[in-house]
Structures are given as C-alpha cells and as structure tokens.
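The values are calculated or read from the model by the stated rules, or taken from the named source; none is laboratory data. Note that the coordinates shown come from a computational prediction; the quantities given were computed from them, not determined experimentally. Positions of Cβ are backbone-derived with ideal geometry, glycine not excepted, and every protein chain shown enters the neighbour counts. The protein model used for the area step is the full one, side chains on, heavy atoms only, and it has no ligands, DNA or RNA in it. Shrake-Rupley method; radii C 1.70, N 1.55, O 1.52, S 1.80 Å.
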Amino acid sequence: MFDEWGTKVMFGMRWLKEKDQNWSGIWLIYDFQLGTGQPLEECAEMGRMFGSRQVGRMKIVGCDNPEVVSRSFDTFVGSLERHLADGSLCILGSTPTIADFALYGQLSQLVVDRTPDEIIRDKYPAVWSWVRKFEDLSGLEKAHCDNKEYLKEILTFAGEVYFPFLAANRAALATGEKELKVNLWKENPIEHIQPVFKYQDKCFLRIKQSYASLPPLYKKRASELFSGTDCKEYLQ
C-alpha cells in the first residue's frame, strides 16, 4: 500500500502547489545535471518546464484531488507519529521489514519538498526524525515495537481507501471502462476519479493470492488483525 497509494501522496504533495512545483522541478533538474559537465545556468527554467509537465500527469497518477492527497498524507504520517510516541521504531516488529522501507521511500521524498517538509517538521517531528534515522540503521539490532494501535489505524485506512480503490479499478477494467469512480472513507466520503491501471490490478491479485496461500495459523492471525476493518471482505 505504501509504495502504491503512497505514490499518490508523494506525487500530489510534490506538485499540487505552485511553490512546490517550482522548487521540486528545479532541484530534480539540478540532481540530474550535477557532475555531468553541463552548465547549470538553464536549470531553473528547465525545472519549471519539467514541473509543469508533471502537474499535467497528476490526473493519470490519481492525485489531482487535494483533499484525497491531504487526508491520505495525514493518515500516513499521523499514524506513524502516534506509533513512535511510546518509543517504537519499526512498524511490524523489532527490526525493519519491507513495509518500513516502502513507507520510508515515500517519506524520504516528502521531507525534501517544501510544503510537506514544513508540515512534517511542525506537526510530526518524530516522523521527520524517523526518516533521518532510517537513512542509516547501522548497528540496529532490536528496537521496541508496540504496534497494535498503529496496525488498527493503518488497516482501517486500507479497508476504507486502498482496497476499495483496487476493487473499483478491477471492476472498471472488467467492463472496459477507461476511468474508475469510487467513494473513499466511510466518514465524510470523497469521490475519487482516475484512469484505470492494469498494473494495480496485478497488485490486487498478488495481495489476494498471498492472503489465500497463508498457512492456517497465519491466516487466523491475519483475520484477527483485520477485525474491525473492511480488509477481509476484499481478500476473499
């Protein structure tokens, strides 16, 4: 979910506002040009052109609705901030997993863009520190992790946002539609509209297959974690 829906959050926060469009476009061009032997004098103009092109891609990515982006952002960083509050570090146990690195991949971009970096510094300082810590985990053996509430919060989001999106994407593809429409969140729902994606249907299938192939004991444990969320109904 972090490397799929999280991409919408990262891309949206990067390109929604003009000051972010200008900054992000420029620094990405500098990042490309440095060390090439090419002069940097045209980087600013090239960056603005690149930023303008990326803005045009926001509907394709599915992040052109500021409310969807902002609400998802607040859940991702807010739930992590609350998880870190008792001294926890990793999100699934005492050592990092691919889930941590998937989330880190998105947050590492958000802290170099102007608006999200400012929000994270001001409202979610533990998350900002978490990103910096994950840049180098040398020497980490085991860390405290009390993730019961975190998992409940993030799985609730998955059941109300990510899985409904994947299911709507599959349904639209099945009927030959070019665009999907789905209501996200139960409380104060938002209608989300975007082009269909065949790749994300592959992701949905992989998730369903992975759940189906779990040994009975692990499937029972997963079902317990899903309790109180809508996740399980999308995995049958």
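For a quick check: with amide H placed at 1.01 Å from N, whose amide H comes under 5 Å from L180's, ignoring anything fewer than 5 positions away on the same chain?
Sorted by chain and number, the residues that satisfy this are Q194, V196.
If we sort 152-158, 55-61 on the protection proxy, mean other Cβ atoms within 10 Å, highest first, what's the order? Kindly include the intermediate steps, with their values, before the conclusion.
Values: 152-158: 20.1, 55-61: 14.4.
Listed from highest to lowest mean packing, they are 152-158, 55-61.
Where does the charge balance sit around K17 when Lys and Arg score +1, Asp and Glu -1, over other residues with C-beta under 15 Å from its C-beta?
My count for the surroundings of K17 gives -3.
Once the principal axes of the Cα atoms of the stretch 36-104 are found, what is the range along each, listed largest first in whole angstroms?
That gives 47, 35, 20 Å along the principal axes, largest extent first.
Which of W27, W15, W185 ends up with the largest GNM mean-square fluctuation for the chain, with Cα atoms connected below 10 Å?
W27
Rounded to the nearest whole Å², what accessible area per residue is found for the chain with the 1.4 Å probe? Before the final figure, lay out the partial values.
On the way: 12910 Å² over 236 residues.
Per-residue accessible area for the chain comes out at 55 Å².
At a threshold of 8 angstrom on Cα-Cα distance, excluding pairs fewer than six apart, so keeping six or more, what relative contact order does the stretch 71-222 reach in percent?
21 percent
Where a Cα-Cα gap under 18 Å defines reach, which aspartates and glutamates qualify for K8, not counting those fewer than 8 residues away within the same chain?
Output for K8: E18, D20, D64, E67, D74, D100, D113, D117, E160, E179, E191, D201.
Roughly how many percent of the accessible protein surface of the chain is carbon and sulfur, given a 1.4 Å probe and a whole-percent answer?
On the chain, the fraction of accessible area on carbon and sulfur atoms equals 53 percent.
With just the Cα atoms defining each centre, how far is the stretch 68-94 from the stretch 152-188? Give it in Å.
Between the Cα centres of the stretch 68-94 and the stretch 152-188 lies a distance of 21 Å.
So if the hydrodynamic radius of the stretch 141-236 is defined as the Kirkwood radius over C-alpha pairs, what does Stokes-Einstein give as its diffusion coefficient at 37 °C and 0.692 mPa s, in µm² per second?
Answer from the Stokes-Einstein relation: 223 µm²/s.
Going toward the positive end of the dipole of the stretch 46-188, with +1 on Lys and Arg Cβ and -1 on Asp and Glu Cβ, which of F165, V127, G105 do you reach last?
F165
What number comes out for the charge environment of R53, summing +1 per Lys or Arg and -1 per Asp or Glu over other residues with Cβ under 15 Å away? Working shown, then result.
Details: positive: R14, R48, R57, K59; negative: E18, D20, E45, D64.
So the surrounding residues net to 0.
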